[in-house]
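Visitor: Below: one structure in structure tokens.
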Amino acid sequence: MPPAAVLERPIERTKSRSHSSASPLMELDGMIHELIADGGPLPSDYALLNQKLRHLGDAVRAEVTKRADVLAYAKDLTRRHFEGSMQAMALDRKYGYSGDFEVIDGIYRQKVSNESHVRRWDLFFHAQAAPIAVRNRKAYFQDLLDQHHAASRSGSMRVLNVASGPARDLREWMLDNPKAEVLFDCVDADVHAIEHAKTLCRPFIDRVEFHHRNAMRFLPAKGYDLVWSAGLFDYLMDRSFVFLLKSLIAVTKAGGELVIGNFSPLNTSRDYMELLGDWTLIHRNEKQLIELAKEAGAPSSAITVDWEPEGVNLFLRIRR
Ligand SMILES: C[S@@+](CC[C@H](N)C(=O)[O-])C[C@H]1O[C@@H](n2cnc3c(N)ncnc32)[C@H](O)[C@@H]1O
């Protein structure tokens, strides 16, 4: 595989190479440079661009192309052409990990750069299945809050939100339900996420308590009607998944519910995320989630699995 700098050439030079059949990385690079020259991809370009990403993903899985070469290429390309884009933000890992609160909040707000040469690439990012699923899961959580709130006899309830990130979901729900007697405990391991979330939730701070803690080591043990966690379990290996799930089951009240989000293998933007964003998740299917829930001690009769409209984000639901 040529070094990334070799790939960083105008499309004409890429085309003029004597290769009879270009590698998937060369093919992708050729198309990307053509699109850069045209001002970025239009929706009519998405299918072919995604197909080239898929071919590259297949080559990486078959170990024909090295993942490290692709990552070096993605970083070089992004630094040269996509500074300030969502892709650059994802790749940058400003806070040391993928999918930080800024990236997630950028997805929720569908943040698009003011720079015209980056704008269409941001639109391409937001049109991917994964960001759509992330926005859908915000709506899913808000529906869940509606349902639990409507069903609570006293009208009051206590909610635990683990790995709360930007807490935009909470802010929006509280804005829609300003008088709701719902008390939230939010736990997040990133102090920057906590600060950002506190700012977003300032008008409701009497009902939202933030805990800057690692959820693997600390959970407020008050007893909750609803326990929610999205965007955390798909980073955990099975052992840690089961360990944390057990702790969450323990703090869910009898009659309450625990709901955990996890990306499914139906994530059609997985290659885009992994290859151009260096954003790797543990994708799990329905059966795997049910098995892990049983391992954590949940009876089969208490377990169901839902999904959002994109079918990418699954939700493991455990009734207590
Ligand atoms: C992908 S974001 C999801 C945010 C939010 N749940 C959402 O869906 O909008 C992941 C969040 O998990 C937090 N996180 C990661 N590991 C954690 C841990 N062990 N304990 C608590 N929070 C954690 C990160 O700091 C980050 O804010």
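Laboratory data are not the source of any read-out in this text; all were calculated from the coordinates shown. Worth saying up front: this structure is predicted, and the values here are computed from it rather than measured. Backbone-built Cβ (ideal geometry, glycine too); neighbour counts: all protein chains shown.
Visitor: Tell me which residues come under 5 Å, amide H to amide H, from VAL227 once H is placed; ignore anything under 5 positions away on its chain.
Guide: LEU160, GLU257, LEU258, VAL259
Visitor: Treat each spin label as a single point 7 Å out from the Cα along the C-beta direction, and report the ALA62 to LYS253 distance in nm.
Guide: Going from the ALA62 label point to the LYS253 one covers 5.6 nm.
Visitor: If you don't mind, another one. Compute the Rg/Rh shape ratio of the range 183-320: radius of gyration over Kirkwood radius, all on alpha-carbon atoms.
Guide: Working: Rg = 15.6 Å, Rh = 16.0 Å.
Answer for the range 183-320: 0.98.
Visitor: Over the chain, one equal point on each Cα, no solvent: what is log10 I(q)/I(0) by the Debye formula at q = 0.08, 0.13, 0.16 Å⁻¹?
Guide: -0.41, -0.95, -1.29
Visitor: With just the Cα atoms defining each centre, how far is the range 164-207 from the range 81-116? Give it in Å.
Guide: Rounded to whole Å, the Cα centres lie 21 Å apart.
Visitor: Which GluC sites (Glu not before Pro) in the range 95-178 sit in a loop by DSSP (not H, G, I, E or B) and have at most 13 other Cβ atoms within 10 Å of their own Cβ? Before the final figure, lay out the partial values.
Guide: On the way: sites: GLU102, GLU115, GLU172; in loops: GLU115.
Answer in residue order: GLU115.
Visitor: Now, a different point. Apply the Kirkwood formula to the range 217-292: the hydrodynamic radius equals the inverse of the mean of 1/r over all pairs of different alpha-carbon atoms; give it in Å with one decimal.
Guide: Details: mean 1/r = 0.0731 Å⁻¹.
The Cα-based Kirkwood calculation yields 13.7 Å.
Visitor: Need the list of aspartates and glutamates near LYS66 for cross-linking: C-alpha distance under 12 angstrom, and skip anything on the same chain fewer than eight residues off.
Guide: Partners within reach: ASP58.
Visitor: Then there's this: Pairs of Cα atoms under 8 Å, at least six residues apart: use those to get the relative contact order of the chain, whole percent. Mind showing how you got there, number by number?
Guide: Working: 492 pairs, mean separation 53.4, N = 320.
Rounded, it is 17 percent for the chain.
Visitor: For the range 86-179, state which chymotrypsin sites (Phe, Trp or Tyr not before Pro) are in a DSSP loop and have at most 16 other beta carbons lying within 10 Å of their beta carbon.
Guide: Numbers: sites: TYR95, TYR97, PHE101, TYR108, TRP121, PHE124, PHE125, TYR140, PHE141, TRP173; in loops: TYR95, TYR97.
Counting only loop positions with at most 16 other Cβ atoms within 10 Å, the chymotrypsin sites (Phe, Trp or Tyr not before Pro) in the range 86-179 are TYR95, TYR97.
Visitor: Note the direction-averaged projected area, equal to a quarter of the hull surface, for the Cα convex hull of the range 4-127, in nm². Working shown, then result.
Guide: Values: hull surface 31.8 nm².
Spelled out: convex hull of the Cα atoms, projected over all directions, averaged, 8.0 nm².
Visitor: Radius of gyration and Dmax for the range 279-320's Cα atoms, expressed in Å?
Guide: So, for the range 279-320, Rg and Dmax equal 11.0, 34 Å respectively.
Visitor: Quote to one decimal, in nm, the extra length available between GLU172 and ALA72 on full extension: 0.36 nm per residue of separation minus the C-alpha distance between them. Could you put the intermediate results ahead of the total?
Guide: On the way: separation 100, 0.36 × 100 = 36.00 nm, distance 3.85 nm.
Working it through step by step, the gained length comes to 32.1 nm.
Visitor: State the dimensionless ratio Rg/Rh of the range 131-206 (Rg: radius of gyration of Cα atoms; Rh: Kirkwood radius).
Guide: Checking Rg against Rh, the ratio lands at 0.96.
Visitor: Highest GNM mean-square fluctuation, the chain, Cα pairs closer than 10 Å: which of ALA150, ALA298, ALA129?
Guide: Ranking ALA150, ALA298, ALA129 by mean-square fluctuation puts ALA150 first.
Visitor: At a threshold of 8 angstrom on Cα-Cα distance, excluding pairs fewer than six apart, so keeping six or more, what relative contact order does the range 88-222 reach in percent?
Guide: Details: 147 pairs, mean separation 26.9, N = 135.
Computed over the range 88-222, the figure is 20 percent.
Visitor: So which lysines can LYS222 reach, going by Cα to Cα under 23 Å and dropping same-chain residues fewer than 8 places off?
Guide: The reachable lysines, counting only those whose Cα sits under 23 Å from LYS222, are LYS179, LYS198, LYS246, LYS253.
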